[in-house]
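A short worksheet on the structure shown next.
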Amino acid sequence: MPLRSPMPDLVIPNISFSDYVFSNLARNGNKVTVIDSSNNDNQYTSQEVLENAMKCGSAFYRMGLRKGDVVATCLTNCAEYALIVMGANACGGILTTSNPNYTKGELSFQYKHSEPKFVFCNSENYVKVKEVCSELNSVKEIFNMEDKPNRKTFSKFLAKGNFKDKIQLCLSYFPLDVSVDPDDAALILYSSGTTGLPKGVMLTNRNLVSIFTECEGAFRLSRLDILYLVLPMYHIFGIMMSFLVMSSGAKVVLKKRFDFLQMLRDIQKYKITTFPAVPPIIVGMDQLPSNHGFDISSLRELCSDAAPLAESVALSVSKKFNVNITQVWGLTEGTPGTRHMDIYTPLLSIGSVAPNTLLKIIDPDSGRELGPNEDGEICIKGPQLMKGYYKNPEATAKTIDNESWLHTGDIGHYDDNEFIYIVDRLKELIKYKGFQVAPAELEDVLLRHPKITDVGVIGIPDPKAGELPKAYVVRKDPTLTEKEIHEFIKNKVTKFKYLRGGITFIDVIPKSPSGKILRRVLKDMEKKKIEILSSF
């Protein structure tokens, strides 16, 4: 029998995502909800966020954004991110996010696939974004977030949506006549899923409202909580946490880039209570001296996400900083899968099943449902699951079966108390410091090198980063060197995709009869190599 949540099912409002957030912002009024620490500590109340989001919707509508049109963001964390998400949604638009450090090739792949009408970027990547968009017929306008001469900026964009009378927000050009169906797509977030190249995960309005309704109970943020957000808002967890804070009436401190010393300063300055982080950050915190000289006694909760956190590290950091550590789990295609924030949850567990959700463990080979303490693939079913992969029904069918179960690619089990544990992954995806690295994407890039015949990429374990991408390469030309390959890939992928795990030259890449790379064999080869080296 599939597992159910120990909590009762929640009522999911049958409304659009923007309407859901707007109603919560209106309820919270003039309480400060956002501090943009990277932008002169600018503060925004819930009412100001609401009004500016409506201005944003008005501007989009006046500029011709209509139902089903796509808006792209290529941004670091900023207060305007939320405005763009809600403004586009109010018009029935779809938002797609991208890593601002992506190369031109990576951005081109995503934008050719999603065909955005409007793009928002930073000054640092404006030239790159402009070059990519110049090759696309879909892009109507590019807006730079910072005020720069001779550039269309966000402030000028927002001015197009100014209301004549601030009291009469429902007048002017705000898209009141737009009917947003809860099952309309709201976000397209790119993920590699369990295998292959990045795919556009379609999350509907219903999905998003379900996510936030379920997470309100899971995180239990109070109006007194102050959350530190360095996790990127182009990622589902960053988006989820930022809107969760604004909806709950708590406060979020946004940060563009992470730095350990600045983190300590910020926790002391803003009296941070909750810090969602990835394991490499928590590993780094473990290495900080106890006498760091900052008062961080306000911090009470560290939420670890994106990859498993070692028990020894969790125990050490919890003791050193006197904080509670919880491990959260989900995936772009279906977040949350479990709930946590429970004093009875074991440290290594990702919690119990989330409300409104079913979970089962199956044998990945036979599909047979397994019982307690038996490792298998975790499958989930619930209203938070994606609609499917954008323009990719074949990949959708491989991930969501005909009984609506999403196959996560994660291997785990539940104990006798129905607490769930992740122990491994079926999926080929490499997790470097919480970032997704798709082996197939790196292989595609490397095969463009004229001296390479074949290649197989795997992730190798690393105590600090989680995993490091490593390539096994078959040379067409015996003069090819590792240095040449590193230089070749440098300008073609983002830094977190670099081959930090190294390069090994090999005579042939092991493959199945159907031609699929046997990464398990490559990993076994790597494991034996490490065992031999460690024996000396």
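The values are calculated or read from the model by the stated rules, or taken from the named source; none is laboratory data. In this text the structure is predicted, and so the values were computed from the model without any measurement. As a convention, Cβ positions derive from the backbone with ideal geometry for all residues, glycine included, and neighbour counts pool all protein chains shown.
A few remarks follow.
- Subset of region 360-380 [among the charged types (D, E, K, R), free of Cβ contacts under 8 Å to residues at least 60 places away in the same chain and more than 18 Å from Thr335 (Cβ to Cβ)]: Asp363, Asp365, Arg368, Glu374, Asp375
- Elements of type strands (runs of 3 or more DSSP E) contained in region 231-327, each with 2 or more residues being among the β-branched types (Val, Ile, Thr) and outside the structural domain of Thr96 (by TED's automatic domain parsing): 251-254, 324-327
- If you check Gly412, Gly456, Gly501 for being surrounded by 14 or more Cβ atoms within 10 Å (Cβ to Cβ) and under 30 Å from Pro355 (Cα atoms), only one passes: Gly412.
- Test for Val252: is it touching a strand residue (DSSP E or B) at 6+ places or on another chain (Cβ under 6 Å) and either closer than 16 Å to Val328 by Cβ or touching a residue at least 60 places away in the same chain (Cβ under 8 Å) (or both): yes
- Checklist (1) surrounded by fewer than 20 Cβ atoms within 10 Å (Cβ to Cβ); (2) of a type outside the set (Lys, Arg); (3) touching a Cys at 6+ places or on another chain (Cβ under 7 Å) applied to Met240, failing item: (1)
- Number of residues in region 60-76 that are among the hydrophobic types (A, V, I, L, M, F, W, C), part of a loop (DSSP other than H, G, I, E, B) and more than 19 Å from Leu231 (Cα to Cα): the value is 2.
- Just one of the numbered conditions (1) over 29 Å from Tyr190 (Cα atoms); (2) assigned to a helix (DSSP H, G or I); (3) touching a strand residue (DSSP E or B) at 6+ places or on another chain (Cβ under 7 Å) is not true of Val474: (2).
- Selection within region 117-141 - of a type outside the set (D, E, K, R) and either not in a loop (DSSP other than H, G, I, E, B) or not assigned by TED's automatic domain parsing to the domain that holds Asn89 (or both): Phe118, Val119, Phe120, Cys121, Ser123, Asn125, Tyr126, Val127, Val129, Val132, Cys133
- Within region 3-50, considering residues that are part of a helix (DSSP H, G or I) and in contact with a strand residue (DSSP E or B) (Cβ under 7 Å, 6 or more places away or on another chain), the one farthest from Thr345 (Cα to Cα): Val49
- Selection count where residues are at pLDDT below 90 and in a helix (DSSP H, G or I), scope region 491-536: 15
- Selection count, region 203-235, where residues are under 16 Å from Ala186 (Cβ atoms), touching a strand residue (DSSP E or B) at 6+ places or on another chain (Cβ under 7 Å), surrounded by 24 or more Cβ atoms within 10 Å (Cβ to Cβ) and not polar (S, T, N, Q): 2
- Region 381-400 residues that are more than 14 Å from Leu189 (Cβ to Cβ), paired with ones that are among the hydrophobic types (A, V, I, L, M, F, W, C) and surrounded by fewer than 18 Cβ atoms within 10 Å (Cβ to Cβ) (beta carbon under 9 Å, 6 or more apart): Lys381/Leu358; Gly382/Leu358
- Flag if Asp165 is modelled with pLDDT of 90 or more and either more than 18 Å from the chain's Cα centre (by Cα) or of a type in the set (Phe, Trp, Tyr) (or both): no
- Matching residues, region 336-380, being assigned to a loop (DSSP other than H, G, I, E, B) and touching a Cys at 6+ places or on another chain (Cβ under 9 Å): Pro336, His340, Met341, Ala354
- Region 447-463, subset farther than 14 Å from Leu197 by Cβ and of a type in the set (A, V, I, L, M, F, W, C), residue farthest from the chain's Cα centre (by Cα): Ile452
- Conditions (1) among the small types (Gly, Ala, Ser); (2) modelled with pLDDT of 95 or more; (3) in contact with a Lys or Arg (Cβ under 6 Å, 6 or more places away or on another chain): number failed by Gly93: (3)
- Note on region 67-121: residues that are of a type in the set (Lys, Arg) and free of Cβ contacts under 8 Å to residues at least 40 places away in the same chain total 2.
- For the criterion of being within 20 Å of the chain's Cα centre (by Cα) and modelled with pLDDT of 95 or more, Tyr432 fails.
- Residue within region 307-320 that is within 18 Å of the chain's Cα centre (by Cα), under 25 Å from Lys464 (Cα atoms) and small (Gly, Ala, Ser) present: yes
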